[in-house]
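Working notes for the structure below.
The values are calculated or read from the model by the stated rules, or taken from the named source; none is laboratory data. Keep in mind that what you see is a predicted model, and the values were worked out from it rather than measured. Here Cβ is always computed from backbone atoms with ideal geometry, including for glycine, and neighbour counts include all displayed protein chains. The accessibility values were calculated without ligands, DNA or RNA, using every heavy atom of the protein model including side chains. Shrake-Rupley method; radii C 1.70, N 1.55, O 1.52, S 1.80 Å.
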Amino acid sequence: MVDTHLKRILDEPNLAEAWDKVRRNAGMAGIDGQDIQSFGLNVFGRLQTLREQVLRNDYCPLPLLEVRIPKDDGSERVLAVPSVRDRVLQTATARVLGPELERSFADASYAYRAGRSVAMAIARVAHYRDQGYQWVVDTDIQSFFDTIDHSLLLAKLRRTLNDHSSLPLIQLWLEASLHPGEGPPRLLTRGVPQGSPLSPLLANLYLDDMDDALLDRDMRLVRFADDFLILCRDRAAAEHALDFTEEVVDTLRLALKPEKTRITHFEEGFSFLGVDFIRNLMRPQNPDAGRWLIPDTPMREAAAHQNGPNAEPEPPTLTPEPEPRTPEAPDLPAHPGPSLRDPRSSRASEPFPPDERFSNAEAAQLDPLLRSLHLTRCGHSLLKEGERLLIRNKHGIVTSLPLNRLDQLIIQGNQLISTALLRHAQHTGLHIQFTDHAGRPACALHASATRLDLQRGQFALENDADHALMRMRAFLDGKLHNQRLLLRRHNRRRQDPDIELIEHAILEMQNRLPKADSANALRGLEGAAANRYFTALKKLIDPHWQFPGRRRQPPTDPLNVLLSYGYGVLFSTLATLIDRAGLNPALGTLHTANGRHPALVSDLMEEFRAPIVDTAALGFLKHCQPADFAWDSNDDYPCQMRDTTRERYLQHLQTRMRTGVIHPRTGLRTDHQRLLQMQVAHYTDLMLGREPVYHPYKAK
C-alpha cells in the first residue's frame, strides 16, 4: 500500500496507541453493549479484524447511542456515543490527521488543542482589555455541533489535507444513524456527534475559515470552540465586527445565538468561559476553579509577548497546565493537578522590588529558561504517550502536556514513573528531581552534559587551598550582603533598633571575611551571622506564628516549613542548571564534598537564599492563616503545609523566580532564574581559568 493517510491510520502501532487511549479514557459502551473490558479481550485480534474490514471496504460504523446529560441550567447535553470499535478507529484517524490540520488553525483558537487551555484564553482577553480594547462582541453559535454542514466540512477537508484517502471513512462517520433511548433511529444529515474522538478536530477545522476572515480584518478574536469574543477599541468598531461576523457565519450555514449575542463593555461586565469580567476584575463563577481559570501575573504578561498584532503567546511555562478535555473524554472529579496558580499571590510586600528601570512585564517577555512541572501530591502515575507526558491518578488522567515543552520535572513523595518516560529523560536531558514530603531534594535522574575539560579544571582546583578560601569568602560575602539588605528593607517602616543592631553585627562579620584564614573560621562567621539573622526574622513576623529560629530537620513551624520547601525548589533549579553546564555537582567548597551530596549546588545557592526564598516566604506568610498548616507533634513532620497551601506557595515561588531585575555587574535586564544561570556560567569560567575570582550576586 502506498504511504497514505489511510495506511498510517491502519498501521498496527497506531491502532494499538489509539486503543490504549480509548482504554484509558474509560468511556461507556456503545449501541452494541460492548464495553472497554470486553473489547480488551483478544484486543489485537479485534484490531486486525478492524484493519482488514477497512482494507476490504467492508467496514461500516455501528449506529451511535444517544445519551442525554442534564446541565445545571436545566437543559441537556446530548452525546452521541460510538461503539468502542468505532472510537478506536476514529482515534487512530485523529492521531494521523491532527498534526496536519493543526498547522492550519489560527492562533486565536484555544479549544481542544495541545498546549492550549481555558486559562490561556482568559489571559488573552485580559491582555486585550489592558491594551485598551474595552468594547466586546460577546456571542456564540446556535447549536454549533448539531448544525455543521457536511458538504462544507468535507470540502474544507479536501482543501486542507494533502491526501484524501481518509475522507470515505470520515463521510461514513458523519452520516451515521443515531439511536435515542426511545423512539426510532434517525440519520444524521448535519452536525458532528459530540462524543466522537474526531469531533473536536473537525469542529475547529470548520470554524477556521471564520477565524481567518475575522483576523484578516485585524480583529482581536478569542475563540473557545463555538464560544468567542471580539474585542474592539470603540462601539462603532464593535458594531462593524458583529455585522461582519454575522455575514461570515451565514456563509458557513450557521447562525449566532440571539439570546447570547450582544455588544458590551468591561464597565458593564460579561461572562466568558466560567469567568465574570467586570472593569479590571476577573472572578471565577466557581470559586474552586479560581486557580485553574484566573491567570496570574506571569501568565497575563506572557500573553503580551507576541510577534504580530494577532499572534498568540506561547503557553505559560512556570508550571504546565492541563488541556481542556474533549467532549468524548469522561468527566473527572474536580481535583487540583500539577498546574499551580493562586490569584492571591502578591509582590506588594516583597523587600526586593525589581529595579524601576526594568518591569516585570519586560521580564515576562523573556523566553522561559526552565519550563518546570512540580508534582506535589502523591499517588500519580507518570507515563509517556507519543511525545506527551500523561499524569494519572485513581480517577483518571489529571493532565497531559507536550514533553518538548518540559525541561525539569520535580516529583514529591511516592509516584510511579514509566520506563518509557525514564528513557526519554535520558535521551533528551529532561532533569527529574525527587524530593521528600517536605520538599527536600533526595535524588535526581538526568543525562549529564559531561565536559571533561571543565571537570578537569574542577579537580585541579580541588586541592588549591587559597583558591578554595577565595571561593568560600565570595559565597559568604554574597549571602551576608543579601541577608542584610532583606533586614534593612523590611525594617524601613518598623525602625526597630534591635534589627538595626543585628544588621550592623552581620556587616561586621562580613567585613571580617577577608581576614579569615581557614575554612573553619569562615564557617564560624557564617554560623554566627545566621544565628543573628534568624533572630531578626523572628522580630519581623507576627508572634502568633511562633517562629523559634531556624529549625531544619524537621521544620517545626510555618515559617521554617516555607523556608525548607523554598530552599528545596531553589536547590532543584540550580541542580538542573549545573548539570546542563557540565559541572560536577559533587565538587563543592563551602559544603563538604563527600560524593553523596551535590555540594556545589549548596555552595551556589547561598547568595540566593535571601533574595528569592526568604523574600517569598515572608511575603507569602502575610497571606496565610493558621488553618493553612497542619500540626501533629507525634508526626515525623510536626508542622506541614496543607496540599492547597503548598500549591499556592509553589506558584508564589515561581513568580518570584520570574521577577524582573537588573544584573548588578553587567547591567543586563533579566530575571532571578537567569541570574542563577549567569552565576553558574560565571563559576564555569572560573573553573576554566577565564575568570580570576568569583563575584557573588549582591542585590541592590
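Can you tell me how segment 62-105 classifies by the Cα gyration tensor, rounded, prolate or oblate, using a/c under 1.5 as the rounded cut? Oblate, because a/c is 1.5 or more while a/b does not exceed b/c. Close amide H partners of residue 111, meaning residues 5 or more places away or on another chain with modelled amide H under 5 Å apart, are 225.
Residues whose amide H falls under 5 Å from that of residue 380, counting only those 5 or more places apart or on a different chain, are 416, with hydrogens built in the peptide plane. Partner lysines whose Cα lies under 16 Å from the Cα of residue 700, excluding those fewer than 8 positions away in the same chain, are identified as 479.
The dipole here belongs to segment 527-662: it is taken about the Cα centre, uses +1 on the Cβ of Lys and Arg and -1 on the Cβ of Asp and Glu, and is about 300 debye. When peptides 463-476, 154-167 are ranked by their average number of other Cβ atoms within 10 Å per residue, the highest-first order is 463-476, 154-167. Taking θ as phi - 60° and the Karplus parameters 6.51, -1.76 and 1.60, the scalar couplings of segment 186-202 work out to 9, 7, 7, 10, 9, x, 10, x, 6, x, 8, x, 8, 4, x, 5, 5 Hz in sequence order, x denoting glycine and proline. Couplings 3J(HN,Hα) of segment 685-699, computed from phi: 4, 5, 5, 8, x, 7, 10, x, 9, 9, 9, x, 7, 10, 5 Hz, in residue order, whole Hz [Karplus 6.51 cos²θ - 1.76 cosθ + 1.60, θ = phi - 60°; x for Gly and Pro].
Note on segment 1-53 and segment 54-103: Cα centroid distance 13 Å, given to the nearest whole angstrom.
Please give the Cα centre distance for segment 582-628 versus segment 157-211, rounded to the nearest Å. Here the answer is 54 Å between Cα centres. The HN-Hα couplings worked out from phi for segment 666-673 by the Karplus form 6.51 cos²θ - 1.76 cosθ + 1.60 (θ = phi - 60°) are 9, x, 6, 7, 7, 10, 4, 5 Hz, whole numbers, x standing for Gly and Pro. Candidate cross-link partners of residue 394 among the lysines, defined by an alpha-carbon separation under 20 Å and a same-chain spacing of 8 or more, comprise 21, 384. Under Stokes-Einstein, with the Kirkwood radius over Cα pairs as Rh, the value for segment 1-139 at 4 °C and 1.567 mPa s is 72 µm²/s.
The trypsin sites (Lys or Arg not before Pro) of segment 243-274 that meet both conditions, a loop assignment by DSSP and at most 16 other Cβ atoms within 10 Å of the site Cβ, are 253. Taking amide H as placed 1.01 Å from N in the peptide plane, the amide H of residue 256 sits under 5 Å from that of 142, each at least 5 places away or on another chain. The listed residues 173, 135, 631 rank as 631, 135, 173 when sorted by accessible area, largest first, using a 1.4 Å probe. Which of rounded, prolate or oblate describes segment 591-700 when judged by the alpha-carbon gyration tensor and an a/c cut-off of 1.5? It comes out oblate by the Cα gyration axes. Charging the Cβ of each Asp and Glu at -1 and of each Lys and Arg at +1, and nothing else, the dipole of segment 71-172 about its Cα centre rounds to 400 debye.
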